[in-house]
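Structure in structure tokens, see below.
The values are calculated or read from the model by the stated rules, or taken from the named source; none is laboratory data. Being a predicted model, the structure only gives us computed values, none of them experimental. Don't worry about glycine lacking a Cβ; one is built from the backbone with ideal geometry, like all the others, and counts go over all protein chains shown.
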Amino acid sequence: MAGVLVCFAMAAAATSYLVLQQTAAAHRLASYNLAFDASQGAAEVMRVETTAARLSMGLPGASRGLLRLRFAILQNRITVLNRTEFTNFIAGHPEVADILPRLSVAVQQIAPLVERPDQTGALPSIVETLQPLEPSLVELMSLTANTVGDNIEAGESRLQWLHSISAAVTGILIVLGIVLIVILLRDNRLMAENYRRLSRMTDELQRTGSQLSSAHGAIAKANEELNAQNAVLRSRDQDLAVQNARFDAALNNMSQGLLMADGAGQVIVCNNRFLELFGLDWLDAPPGRNIGALFAQVAERGLVPPVVGRVLLDRVPGLTGQSEPIAFLAETEQQAIKVGHKPMLDGGWVATFEDITVQRRADAQTEHLAHHDTLTDLPNRLMFGQSLQTTLNHRAAGSFFALLLLDLDDFKDVNDTLGHIAGDTLLVAAAERLRRCIGPEDSVARLGGDEFAIIQTGPRGIAETEELARRIVATIAEPFYFEGQRVAAGASIGIALCTDNGMNDPESLLRSADMALYRAKAEGRSTWRFFAPEMEEVVRVRSAIASDLRSALDRQELELVYQPIFAFETGRLRQFEALMRWRHPTMGYVTPDRFIPVAEETRLILPMGEWVIGEACRTAMNWPEDVRIAVNLSPVQFRSLQLPRVVEAALARSGLAAQRLELEVTESALLQDGDDVRAMLRELRALGVTVALDDFGTGYASLGYLQKFPFDKIKIDRSFVSQIETRADSVAIVESVVRLGAKLGMMTTAEGIETREQFEILRSFGCDLAQGYLFDRPQSFATIQRKIAEGLYNPAAREGMGF
């Protein structure tokens, strides 16, 4: 009995246990209902959204009644979802905890729109309000579906376990028999029923999810189509607005006035510039006004010259009916208006009106500037060439005319020392004096720089031409004044005559006059010379020198000779001056005064000067270390910014100490910007070389140079030294220069000493260094080396020279 009781007790316990399991299964079934409710709520949201979208696009199957029905179902679903068991379920899932409040708010927002779907923007607003909830609803649906699936799987596993227990209890307690079997069968039926219900719910959830996906795709596609249509409409509106704005901007910002008329001769449109040009306002030129009446008003107002107004009144109305483009000009000295007309297909026309008064004046001014010098307002080279050709073409047989070319003497000195403003003032004054010198039929032009040309037409003889030249020289020689300072100038003139038997083309005349000018400048300046055939030979030789000089360096025709310089007090050899010579293969030795000016004009002096510096430095390395070398610099070299680099490279290549090199600068090299000269001299001295002022006293303002520029030595020009035996003023000048140099801390060298008397006078003044034929002429390097080796430059060997 006890065993039976135990068995029944166990059966009771088992029964209690099964009851508990059944209760848990019932609770799990409740969770399955929650998943169904979530899916139905999401589906109803999408159905409302789909109905609104289809209704907004006018698709069949959508109506306001269906929208309200779907919205009512949605509100019912929201009530179901707000039950306690559902809110408790989602409270455990933070990712979807806010969906119900958001859904409720959205439903409240669209409720008025559902009642008034015809209101503008109501349907798109419903879609825009519900669309953001779709992702959260789908996530809620997915969460509940996943939860249900997990519960089903766990329930099946648990039911299998319970089945095993029940079978064991049945086998053991068979005696309990029918009661336990009934209980187990009923439990099994309940579980089977639950399983079938869960299966149906799973199928329903899957179908609902598929429907939701389809609905979501349809809504997205509808939204895309709607957005595309809106974008097209906005783009068209913007394009139209931009086109209108561009048309208005183009029309009213034209530099020309524009007027458009129809086939009846009435105004269609005009722009702001048209109204401004004729002093009208928009009320004067409304669409539909007669063109003739409009231009009658323009003529009457007098804002354009009467002649211009009458031309416009006569011509513009007649443009109606013209089939070809027309352009005409209405102008006086006060104003010029250019009209351009183009017909249109409908019989109307469009015309532009442009005030070209400023342009016409500018064209005239440009024409004047193209043929006249801007500084002096004289005819320029171009107009002079035309005038010369015209004079040649119209010269009568048996007559002649004269061509005078002239340069202002020393103009560059004035320009460089007093400045370009003074130079320009001198040119203007000289031009005015030339105008006064010539006759009424003659003409004067400025060819450029300080070069002028005069055509003397129809002189009665050469004497009359010579008289004109004499008058010009005398007039230009009169002093000029600039800012109270007296400025002296002169004129050199070359004259070529055009006769029946002579030159009869502009090029020949100009070339001949230029050769005559060159002769006048070479023979003293401030004078005139007529062209003579022998002048061509001089020019030919000069051209030949320039041509041969270009290859002289390559053919090694240039060489250096060296003249010694001694100390007055000790008689010791102190330095040599390097001098360039040219050994021409056919002309023999060409003197420097013949080829140096040509080299400077052609700028060949730059490579030649670089060769001289390098060769002199290399040569000096063969002499005692206390003997220095002096090299002359051309003004062209001195104006080259590369000079310091050339000197530095020559010293580096030769190995010569910088203090053994002396650079001699003439005063003409200093006639440029003072700051640049000072900078150049400082840069050269910074290398360690010394700088000497050569030919002192022959220039324009020597004393000023000593104050402005840093020099180490002054070289007294031979023109003063040669006269110290005969002229007291030369003695005074040389003595003053020597004393001035001593006070300024500069050494002095006397050039061109040829007699012992000159030597003694200069030594008595305290001059430092002596140079001249008294001691030696310039010699070749080989001769210099021989004399040094034989001791011929030692003081004892030259006792008879005064040392």
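Out of Pro124, Pro94, Pro60, Pro117, I need the residue that is free of Cβ contacts under 8 Å to residues at least 60 places away in the same chain and under 25 Å from Asn230 (Cα atoms). Which one? Show your work before the answer.
Details: Pro124 fails: free of Cβ contacts under 8 Å to residues at least 60 places away in the same chain; Pro94 fails: under 25 Å from Asn230 (Cα atoms); Pro117 fails: free of Cβ contacts under 8 Å to residues at least 60 places away in the same chain.
Checking each option against the conditions leaves just Pro60.
Given segment 293-360, what strands (runs of 3 or more DSSP E) lie entirely inside it while holding 2 or more residues that are out of contact with any helix residue (DSSP H, G or I) (no Cβ under 6 Å at 6 or more places or on another chain) and more than 17 Å from Phe278 (Cα to Cα)?
Details: elements: 326-331, 336-343, 349-355.
Strands (runs of 3 or more DSSP E) meeting the threshold: 326-331, 336-343.
Further question: Identify, from the list Ala351, Ala422, Ala402, the residue that is touching a strand residue (DSSP E or B) at 6+ places or on another chain (Cβ under 6 Å), in the same structural domain as Ser508 (by TED's automatic domain parsing), modelled with pLDDT of 80 or more and crowded, with 19+ Cβ neighbours inside 10 Å. Break it down into steps so the answer makes sense when it comes.
Numbers: Ala351 fails: in the same structural domain as Ser508 (by TED's automatic domain parsing); Ala422 fails: crowded, with 19+ Cβ neighbours inside 10 Å.
That would be Ala402, the only listed residue that is touching a strand residue (DSSP E or B) at 6+ places or on another chain (Cβ under 6 Å), in the same structural domain as Ser508 (by TED's automatic domain parsing), modelled with pLDDT of 80 or more and crowded, with 19+ Cβ neighbours inside 10 Å.
Sort out which residues of segment 164-183 are at pLDDT below 70, part of a helix (DSSP H, G or I) and surrounded by 13 or more Cβ atoms within 10 Å (Cβ to Cβ), and write them in order of number. Even if it seems obvious, please write down each step before you answer.
Applying the first criterion (at pLDDT below 70) to segment 164-183 yields 166-167, 169-171, 173, 175-177, 180.
Filter again for part of a helix (DSSP H, G or I), leaving 166-167, 169-171, 180.
Passing the criteria: Ser166, Val169, Thr170, Leu180.
For Arg70, indicate whether it is assigned by TED's automatic domain parsing to the domain that holds Leu103, surrounded by 15 or more Cβ atoms within 10 Å (Cβ to Cβ) and at pLDDT 80 or above.
Numbers: assigned by TED's automatic domain parsing to the domain that holds Leu103: yes; surrounded by 15 or more Cβ atoms within 10 Å (Cβ to Cβ): yes; at pLDDT 80 or above: yes.
The answer is yes for Arg70.
Conditions tested, residue by residue: (1) touching a residue at least 24 places away in the same chain (Cβ under 8 Å); (2) more than 52 Å from the chain's Cα centre (by Cα); (3) closer than 20 Å to Arg618 by Cα; (4) not in a helix (DSSP H, G or I).
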{"site": "Arg542", "(1), (2), (3), (4)": "yes, no, no, no"}
{"site": "Asp548", "(1), (2), (3), (4)": "yes, no, no, no"}
{"site": "Gln556", "(1), (2), (3), (4)": "no, no, yes, yes"}
{"site": "Leu560", "(1), (2), (3), (4)": "yes, no, yes, yes"}
{"site": "Thr570", "(1), (2), (3), (4)": "yes, yes, no, yes"}
{"site": "Arg574", "(1), (2), (3), (4)": "yes, yes, yes, yes"}
{"site": "Trp582", "(1), (2), (3), (4)": "yes, no, yes, yes"}
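Could you please give the count of residues in segment 726-743 that are loosely packed, with under 13 Cβ neighbours inside 10 Å and over 60 Å from the mean Cα position of the chain (by Cα)?
Total meeting the criteria: 5.
Collect the residues in segment 23-66 that are of a type in the set (Lys, Arg) and modelled with pLDDT under 70, keeping them in residue-number order. Reasoning before the result, please.
Of segment 23-66, the ones of a type in the set (Lys, Arg) are 28, 47, 54, 64.
The one that is of a type in the set (Lys, Arg) and modelled with pLDDT under 70: Arg28.
A further question on this structure: Can you tell me which condition Leu447 does not meet? The list is (1) touching a residue at least 12 places away in the same chain (Cβ under 8 Å); (2) part of a helix (DSSP H, G or I); (3) out of contact with any Ser or Thr (no Cβ under 8 Å at 6 or more places or on another chain), and all the others hold.
(2)
Then there is this: Pairs please, first residue from segment 630-648 and at positive phi, second anywhere and surrounded by fewer than 21 Cβ atoms within 10 Å (Cβ to Cβ) and among the small types (Gly, Ala, Ser), Cβ atoms under 6 Å, 6+ apart in sequence or on different chains.
Pairs found: none.
Further question: When both residues are 6+ apart or on different chains and their Cβ atoms are under 8 Å apart, which pairs have a first residue that lies in segment 325-354 and is closer than 10 Å to Asp262 by Cα, and a second that is basic (Lys, Arg) and part of a strand (DSSP E or B)?
Cβ pairs passing all conditions: Trp349/Lys342; Val350/Lys342.
Of the numbered conditions (1) more than 11 Å from Ala402 (Cβ to Cβ); (2) assigned to a loop (DSSP other than H, G, I, E, B); (3) more than 51 Å from the chain's Cα centre (by Cα), Arg470 satisfies every one except a single condition; which is it?
(2)
With the condition kept exactly as written, say whether any residue in segment 80-95 is acidic (Asp, Glu) and either within 30 Å of Ala35 (Cβ to Cβ) or at pLDDT below 80 (or both). Break it down stepwise before answering.
Taking segment 80-95 first, the residues acidic (Asp, Glu) are 85, 95.
Those still in the list that are either within 30 Å of Ala35 (Cβ to Cβ) or at pLDDT below 80 (or both) too: 85, 95.
Yes - at least one qualifying residue is present in segment 80-95.
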